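*Asks:* Would you mind keeping the following structure in view while I ask a few things?
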Amino acid sequence: MGKKDIDWGNLRFSYMKTDQRYVSNYKDGEWDQGRMTEDANVVMSECAGVLQYSQSCFEGLKAYTTEDGRIITFRPDLNAERMENSAISLQMPVFPKKRFLDAVDQVIAANVAYLPPYGFGATFYLRPYMFGSNPVIGVKPADEYQFRIFGIPVGPYFQGGAKPITVKICDYDRAAPHGTGHIKVGLNYAMSLYTMSLGHEKVYEEKMYLDAATRTKVEESGGANFLFVTKDNLIVTPKSNTILPSITRRSAMYLAKSYLGLETEEREIYVEELEEFEECGLCGTATVIAPVGKIVDHGREICLPSGMEKMGPITKKLYDTLTGIQFGTLEAPQGWIHEIKVK
């Protein structure tokens, strides 16, 4: 199948309707067989559980075209497991892991014409999501659900690509202790929309959220985990039960230790420590690893020694190692890469 007429080198991280998506419905205690469809519209009751009480969860993962033409995904089994945890936390039925992985393969195979060729730095982003679909007016879990996956070709999450960004410490909270910060649900991201809409906030590419209990410890940004590098090249990430367990962050920490021979640590990170770090980055499926050059704390500017012109040396090594594995130019740890066979 030929490729679509798309300017692969200038893709943004934005929606583009593709040909096929996967849909499965849960009713009377079981999931149906599922199917591929050309219909991109979701039709539901005005009183659907997702519309009334935000009962929904989602995932994000990518497919890559390798230099030798293979199509692969990066650790999709972890996305399936994380979505399972999200569903359980919201009293939603689990979509079976095996079926999740098969649905991912189906969506990729059906939209192979939209998969960016190797060499453009672009990827095929997949969005699995699930929501309560039947009418619910009393506060309770829905009885019926829909699971869907669509895929789109995307470029870098930040328009500057790998150029360092500025983040601002946010005065609002992302997630409460014992709440939903550890699962991937839309309501965690909704809070960030208000701060993004404030006029004076638009000069900052991202926010740094602090712990809601004490507002003294770093948690995560609106859409990614934080990663820091010390003067001794120790890689440190925040530890908290209200942080989403990023697959990219977990993978980067493993690669730092096993591939680059660096020491790693997951611990509580206090705001007062930020001036002591040499490098900082945001890590997630969409961002991969985005370098941070400056952190603004209520008028106080914390300029990382790595600067605003390029990635710091350790962050760059980590980025190159991670993307090398994702695009198939470096050998991956066993089980990390799944190849999709397209007829």
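*Asks:* For a quick check of understanding: with a 1.4 angstrom probe and all protein chains in place, what accessible area in square angstrom does residue 140 have, to the nearest ten?
*Replies:* Residue 140 has an accessible surface of roughly 120 Å² with all protein chains in place.
*Asks:* Counting only heavy atoms of protein chains, what accessible area per residue, in Å², does the range 174-234 have with a probe of 1.4 Å?
*Replies:* Values: 2730 Å² over 61 residues.
Ligands and nucleic acids excluded, the result is 45 Å² per residue.
*Asks:* If r is the Cβ-Cβ distance from residue 139 to residue 14 and R0 is 45 Å, what FRET efficiency results, to the nearest 0.05?
*Replies:* 0.80
*Asks:* Using a Gaussian network model of the chain with C-alpha springs under 10 Å, which one of 296, 236, 203 is most mobile by mean-square fluctuation?
*Replies:* 203
*Asks:* Grab the beta carbon distance between residue 99 and residue 273, set R0 = 35 Å, and tell me the FRET efficiency rounded to 0.05. Display every interim value, and only then the final one.
*Replies:* Details: r = 44 Å, r/R0 = 1.25.
Computed FRET efficiency for residue 99 and residue 273 comes out at 0.20.
*Asks:* Order the peptides 248-255, 335-342 from the highest to the lowest mean number of other Cβ atoms within 10 Å of their residues.
*Replies:* Values: 248-255: 21.5, 335-342: 14.2.
Sorting 248-255, 335-342 by mean packing, highest first, produces 248-255, 335-342.
*Asks:* Name the residue, out of 21, 12, 82, whose mean-square fluctuation peaks in a Gaussian network model built on the chain with Cα pairs under 10 Å.
*Replies:* 12
*Asks:* Sticking with this one: What pairs in 4/168; 217/310; 98/168; 97/310; 4/27; 217/257 have C-alpha atoms more than 32 Å from each other?
*Replies:* Beyond 32 Å between Cα atoms: 4/168; 98/168; 97/310; 4/27.
*Asks:* Give the distance, in whole Å, between the Cα centre of the range 132-182 and the Cα centre of the range 286-332.
*Replies:* If we compute the Cα centre of each part, the gap is 23 Å.
*Asks:* Under 4 °C and 1.567 mPa s, how fast does the range 111-244 diffuse according to Stokes-Einstein, given a Kirkwood radius computed over C-alpha pairs? Answer in µm²/s, whole number.
*Replies:* Using the Kirkwood radius from Cα pairs, D works out to 72 µm²/s.
*Asks:* Which of the peptides 58-65, 88-95 is most tightly packed, and how do the rest follow, judged by the mean count of other Cβ atoms within 10 Å per residue?
*Replies:* 58-65, 88-95
*Asks:* Still on this structure, please answer the following. Using only alpha carbon pairs under 8 Å that are at least six residues apart, calculate the relative contact order of the range 202-320 and give it in whole percent.
*Replies:* Values: 213 pairs, mean separation 27.7, N = 119.
Contact order relative to length: 23 percent.
*Asks:* I'd like to know how the range 280-343 sits against the 2.2 N^0.38 Å rule of thumb: what's its Cα Rg over that expected value?
*Replies:* On the way: Rg = 16.0 Å, N = 64, 2.2 N^0.38 = 10.7 Å.
It is 1.50.
*Asks:* Through the Karplus equation 6.51 cos²θ - 1.76 cosθ + 1.60, θ set to phi - 60°, convert the phi angles of the range 7-23 into ³J(HN,Hα) values in whole Hz; use x for Gly and Pro.
*Replies:* The phi angles translate into 7, 4, x, 10, 5, 10, 8, 8, 6, 9, 5, 10, 6, 9, 9, 9, 9 Hz.
*Asks:* Can you tell me the relative contact order of the chain? Whole percent, Cα pairs under 8 Å, sequence separation 6 or more.
*Replies:* 19 percent
*Asks:* If you compute P(r) over Cα pairs in 10 Å bins from 0, in percent for the structure shown, which of (i) 6, 27, 36, 23, 7, 1, 0; (ii) 5, 24, 33, 26, 11, 1; (iii) 5, 25, 32, 23, 10, 4, 1 do you land on?
*Replies:* Step by step, P(r) over Cα pairs in 10 Å bins from 0, in percent for this structure corresponds to label (ii).
*Asks:* For residue 165, list long-range residues whose amide hydrogen, built 1.01 Å from N in the peptide plane, is under 5 Å from its own amide hydrogen.
*Replies:* For residue 165, whose amide H was placed from the backbone, the distant partners under 5 Å are 292, 293, 294.
*Asks:* At a Förster distance of 22 Å, what's the computed FRET efficiency of residue 239 paired with residue 215, Cβ-Cβ distance as r, to 0.05? Don't skip to the end; give the middle numbers.
*Replies:* Numbers: r = 17 Å, r/R0 = 0.76.
It comes out at approximately 0.85.
*Asks:* I would also like to ask the following. Using a 1.4 Å probe on the protein heavy atoms, what percent of the accessible area of the chain belongs to carbon and sulfur? Working shown, then result.
*Replies:* Numbers: 7810 of 16020 Å².
Result for the chain: 49 percent of the exposed heavy-atom area is carbon or sulfur.
*Asks:* Going toward the positive end of the dipole of the chain, with +1 on Lys and Arg Cβ and -1 on Asp and Glu Cβ, which of 72, 13, 319 do you reach last?
*Replies:* Ranked along the dipole, the leading option is 72.
*Asks:* Also: Which parts of the range 244-266 would a label at residue 176 reach, counting a residue when its backbone N lies under 16 Å from a point 7 Å out along Cα-to-Cβ?
*Replies:* Counting backbone N atoms under 16 Å from the label point, the list is empty.
The values are calculated or read from the model by the stated rules, or taken from the named source; none is laboratory data. Computed from a prediction, not measured in an experiment: that's the story for all the values here. Counting neighbours? That spans all protein chains shown, and the Cβs are built from the backbone with ideal geometry, glycine included. What goes into the accessible areas is simple: the full protein's heavy atoms, side chains included, and nothing from ligands, DNA or RNA. Shrake-Rupley method; radii C 1.70, N 1.55, O 1.52, S 1.80 Å.
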